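**Student:** I'd like to ask you about the structure that follows.
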Amino acid sequence: MPPALTLPDGRSLPLDGGPLLMGIVNVTPDSFSDGGQLGSAEAAVAHGLRLIAEGAAIVDIGGELTRPGHATVDAATELARVLPVVAGLKARTEIPISIDTYKAEVAEAALAAGAAIVNDVWGARRDPRIAAVAAKAGAPLVLMHNRDAADASLDIFDEVIGFLEGSIAIATAAGVPRRQIAVDPGIGFGKTPRQNLDLIRELDRLSVLGCPILLGASRKSTLGLVTGRKVPAERLAATLSAHLYGASRGAAILRVHDVAPHVDALRVWAAIADETKVIP
């Protein structure tokens, strides 16, 4: 795994000091988790700044609901949602901004507005031009595994690794250096609950790809099934458990709704692991 990702402005985003937290800002009216609470640009910017103050190393801006079965939106609608947020955050923070999209047009405009990372939930499969957009900007590219439907008969590791190998090939052919690519197993996207849990349990198997691993289990429905928590916002404890387990299996980036509790959890985990750490 590379020790850092290089941002378009030349800064490095270190990956060797423990998992980085990517704070989620969904600018959608139909988000599964926040119910469209961040429907205005002003509210979304304020939320992003709050996540940064709590310890987010990256802020991920999304303008289209991407869970299975979601209603798609056109690029113009998505751009109208995300560009004011990207620009508003860029004007007020140096923290890298990630654009969560599978559309090359949206990624290109967001990068021009100040985003520094492209996070594609379809692994450059829905719109392969997105890889060339990231390459031209010098932006890191996150490639996520996705499926239209779950299939319990699959060997989920063969499926995910094979898909991501193909996505990496698309990206590198378009000019994205392999050291600039992160991979995401896509928890909750076209997988059974058991497959989701298996991927977290053996997340380190994805290290064969030679790329940093991003894990995003925050508030996902599988956690609700395990705990009986039907309201996504009530799945914090479950999320922390899944993410700490994933971190112990090599996750370099955790994509989260709740930054402050993750900061605390990771600090305690690190203190336990470091027997030389002096506690006041």
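The values are calculated or read from the model by the stated rules, or taken from the named source; none is laboratory data. Since this is a predicted model, take the numbers as computed values, not measurements. A quick note on method: Cβ atoms are made from the backbone with ideal geometry, for glycine too, and the neighbour counts reach across all protein chains shown. Calculation scope for accessible area: heavy atoms of the full protein, side chains included, ligands and nucleic acids excluded. Shrake-Rupley method; radii C 1.70, N 1.55, O 1.52, S 1.80 Å.
**Student:** With springs connecting C-alpha atoms under 10 Å apart, model the chain as a Gaussian network and identify which of Thr93, Thr192, Thr101 has the largest mean-square fluctuation.
**Tutor:** Fluctuation is largest for Thr93.
**Student:** Specify whether the C-alpha gyration tensor of the chain places it in the rounded, prolate or oblate class, a ≥ b ≥ c being the square roots of the eigenvalues: rounded for a/c under 1.5, otherwise prolate if a/b is larger than b/c and oblate if not.
**Tutor:** Details: a/c = 1.18, a/b = 1.11, b/c = 1.07.
Note, shape of the chain comes out rounded.
**Student:** Give me the percent relative contact order of segment 102-172, please, defined on Cα pairs under 8 angstrom at least 6 residues apart.
**Tutor:** Result for segment 102-172 is 34 percent.
**Student:** So, taking all protein chains as they sit and a 1.4 Å probe, how much accessible area belongs to Lys103, in Å² rounded to tens?
**Tutor:** Surface open to solvent at Lys103 totals about 30 Å².
**Student:** While we're looking at this one, here's another question. Name the most mobile residue of Thr77, Thr66, Thr239, meaning the one with the largest mean-square fluctuation, in a Gaussian network model of the chain with Cα contacts below 10 Å.
**Tutor:** Among Thr77, Thr66, Thr239, the largest mean-square fluctuation in the Gaussian network model of the chain belongs to Thr77.
**Student:** Check which residues have an amide H placed less than 5 Å from Val142's amide H, if you skip close sequence neighbours.
**Tutor:** Here the answer is Val118, Asn119, Asp120, Ala182, since their amide H atoms fall under 5 Å of that of Val142.
**Student:** Next up: Taking amide H positions as placed in the peptide plane 1.01 Å from N, state which residues far from Ala217 in sequence (5 or more) or on other chains have amide H under 5 Å from it.
**Tutor:** For Ala217, whose amide H was placed from the backbone, the distant partners under 5 Å are Arg255.
**Student:** Calculate the dipole size of segment 1-158 relative to its Cα centre from +1 charges on Lys and Arg beta carbons and -1 charges on Asp and Glu beta carbons; express the result in debye to the nearest 20.
**Tutor:** Computed about the Cα centre, the dipole is about 360 debye.
**Student:** Residue farthest toward the positive end of the dipole of segment 69-201, with Cβ of Lys/Arg at +1 and Asp/Glu at -1: which of Ala182, Ala104, Ala116?
**Tutor:** Ala116
**Student:** OK, next. Please name whichever of Ile272, Thr222, Ser248 sits farthest to the positive end of the charge dipole of segment 211-280, dipole taken about the Cα centre and charges placed at Cβ: Lys and Arg +1, Asp and Glu -1.
**Tutor:** The Cα lying farthest towards the positive end belongs to Thr222.
**Student:** At 1.4 Å probe size, what's the solvent-accessible area of Tyr245? Round to the nearest 10 Å².
**Tutor:** 90 Å²
**Student:** A follow-up question, please. Roughly what % antiparallel, to the nearest 5, for the DSSP beta bridges in the chain?
**Tutor:** 10 percent
**Student:** Would you list Leu51, Leu111 from the most to the least accessible area, probe 1.4 Å?
**Tutor:** Listed by decreasing accessible area, they come as Leu111, Leu51.
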